[in-house]
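Undergrad: Below: one structure in structure tokens.
The values are calculated or read from the model by the stated rules, or taken from the named source; none is laboratory data. Small disclaimer: the values here were computed from a predicted structure and weren't measured. Counting neighbours? That spans all protein chains shown, and the Cβs are built from the backbone with ideal geometry, glycine included. The area values use the complete protein model at the heavy-atom level, side chains included, leaving out ligands, DNA and RNA. Shrake-Rupley method; radii C 1.70, N 1.55, O 1.52, S 1.80 Å.
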Amino acid sequence: MRKAWIVVSLAVSSGLAFVMLLVIGVYVVAGNLVNGVGGGAAKALAKGAVPAAYRDLVDQWGKLCPAINPALLAAQLYQESGFNPRAQSPAAAQGIAQFIPGTWATHGIDGDGDGDRDVWDPEDAIPSAAKYDCTLASYVKDVPGNLTENMLASYNAGAYAVIKYGGVPPYKETQNYVKRIRALEESFAAPVGRVDPSRQAAGAIAYAQKKLGTPYLWGGNGTAEQGGRFDCSGLTKAAYESVGIKLPRIANDQYNAGPHPKRDELLPGDLVFFSDDPADSRAIRHVGVYVGGGYMIDAPRPGAVIRFDPIDTPDYFGATRVTEDGAKALPTTV
């Protein structure tokens, strides 16, 4: 359990005033930056977004052709398996890249040069996923529109459909797939400029602030049956759900709900994460809502209450600026 710090000198009245100033500040900043510099088309991977065991593979093979980049490849792997090399779907899709046997037989490659093509081995499956993307891109390279989005549409609906319709076909499932992967791509990419603030951030802070003093409950979602109690990710999920953004239940999935501002770029409403492994977002074990001044509101541990805690601890991992598109793109199970 993460080491706790208690701010005993923070009175309730001053805490309320502090948070209200921050809430107003978020609205002002959001208004000033709504037309400002966005995240850009970054291709470098965000800190810890890909488990360390696969980061070099994703970085190397994500540059195989112009239609893909490391962040896009990471988004696909997360969407398909949550980086689980033993994943298997009811439709018989297998491994970290979720190849079905027929597709693997045609497009699987010996990525690590050990003489076999093993769908369960990420050193074969990740290169094969990149190679398959680039093969699909070659099929639709002359189709009008965005090559990457036409490639993604081919992955979902087949290259014939993309060629037939002259771009992303009018299939709702395919259009949603393309939108999801492009949104997830942003959450796996290291921002190259200022990350726009979320307009819902102030409401999320206000919700969390109202829960100050509530006892912690492992697995708590704030329901009446649970006495309105929360654990860390239950609180952050409820805070953003109160402003219309549905986040996953688990902290390490919440990390993928948007782009990742640096420590000196944090704004109130950002989610801040903590882990014993600084190289793997899948190992995140704690989350809170940043309120400014180096503090967050969080549900820290059994026996404690929801409170203000400092974020600058040895296990600080990073932050996410939650976006509606990023949250909607997250798979329901990974």
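Undergrad: With all protein chains present, calculate the accessible area of residue 262 using a 1.4 Å probe and round the result to the nearest 10 Å².
TA: 130 Å²
Undergrad: Looking only at 74, 92, 46, which one moves most when the chain is put into a Gaussian network model with springs between Cα atoms under 10 Å?
TA: Maximum among the listed residues: 92.
Undergrad: Next question, about the same structure. Keeping all protein chains in the complex and leaving out DNA, RNA and ligands, what accessible area do you get for residue 260 with a 1.4 Å probe, in Å² to the nearest 10?
TA: Its heavy atoms expose roughly 20 Å² to the probe.
Undergrad: Protein chains only, probe 1.4 Å: how do 147, 136 rank by accessible area, largest first?
TA: The residues order as 147, 136, largest area first.
Undergrad: Test of the criteria: in the range 212-241, which chymotrypsin sites (Phe, Trp or Tyr not before Pro) are in a DSSP loop and have at most 11 other Cβ atoms within 10 angstrom of their Cβ? Kindly include the intermediate steps, with their values, before the conclusion.
TA: Working: sites: 216, 218, 230, 240; in loops: 218.
Here no chymotrypsin sites (Phe, Trp or Tyr not before Pro) fit, given the DSSP loop and packing criteria.
Undergrad: Given a Förster distance of 35 Å, report the FRET efficiency between residue 107 and residue 249 from their Cβ-Cβ distance, rounded to the nearest 0.05.
TA: Numbers: r = 34 Å, r/R0 = 0.98.
Taking R0 as 35 Å, the efficiency between residue 107 and residue 249 is 0.55.
Undergrad: Suppose R0 equals 56 Å. What FRET efficiency, 1/(1 + (r/R0)^6) with r the Cβ-Cβ distance, do residue 225 and residue 171 give to the nearest 0.05?
TA: Calculated value: 0.85.
Undergrad: Continuing with the same structure: Multiply the residue separation of residue 52 and residue 325 by 0.36 nm, subtract the distance between their alpha-carbon atoms, and state the gained length in nm to one decimal.
TA: Details: separation 273, 0.36 × 273 = 98.28 nm, distance 2.62 nm.
Going from the current span to full extension adds 95.7 nm.
Undergrad: Going by Cβ distance under 4.7 Å, what cysteines of the chain have no possible disulfide partner?
TA: By the Cβ distance rule, which asks for a partner under 4.7 Å, the isolated cysteines are 232.
Undergrad: Report the calculated FRET efficiency for residue 305 and residue 276 (r = Cβ-Cβ distance, R0 = 22 Å), to the nearest 0.05. Mind showing how you got there, number by number?
TA: Values: r = 24 Å, r/R0 = 1.08.
That pair, residue 305 with residue 276, gives E of 0.40.
Undergrad: If I model a spin label at residue 92 and residue 179 as a point 7 Å from the Cα along the Cα→Cβ vector, what separation in nanometres do I get?
TA: 3.3 nm
Undergrad: A further question on this structure: Simple spin-label model, 7 Å along Cα-to-Cβ: residue 315 to residue 63 in nm?
TA: Placing both labels 7 Å along Cα→Cβ, they lie 3.5 nm apart.
Undergrad: Here is a further query. Just checking my list (i) -0.31; (ii) -0.57; (iii) -0.40 against log10 I(q)/I(0) by the Debye sum over Cα atoms at q = 0.08 Å⁻¹ computed from this structure; which label fits?
TA: (iii)
Undergrad: Span-like helices, the chain: DSSP H, alpha-carbon axial extent 20 Å or more, mean Kyte-Doolittle 0.5 or greater, which ones? Working shown, then result.
TA: Numbers: long enough: 12-33 (31 Å, 2.07); 122-139 (25 Å, -0.25); 172-188 (24 Å, -1.18).
In the chain, the long hydrophobic H runs are 12-33.
Undergrad: What lysines could a cross-link reach from residue 237, if we take a straight Cα to Cα line under 17 Å and drop same-chain neighbours fewer than 8 places away?
TA: Partners within reach: 210, 211, 246, 328.
Undergrad: Please compute the modelled spin-label separation between residue 212 and residue 120, points set 7 Å along Cα→Cβ, answer in nm with one decimal.
TA: According to this spin-label approximation, the distance is 5.3 nm.
Undergrad: Take each of the peptides 158-166, 298-306, average the number of other beta-carbon atoms within 10 Å over its residues, and list them starting from the highest. Don't skip to the answer; put the middle values down first.
TA: Values: 158-166: 16.2, 298-306: 18.8.
Per-residue Cβ counts within 10 Å, averaged per peptide and sorted highest first, yield 298-306, 158-166.
Undergrad: Now for a separate question. Between 177, 162, 151, whose Cα lies farthest towards the positive end of the dipole of the chain when Lys and Arg beta carbons carry +1 and Asp and Glu beta carbons carry -1, centred on the Cα centre?
TA: The residue sitting farthest along the positive end of the dipole is 177.
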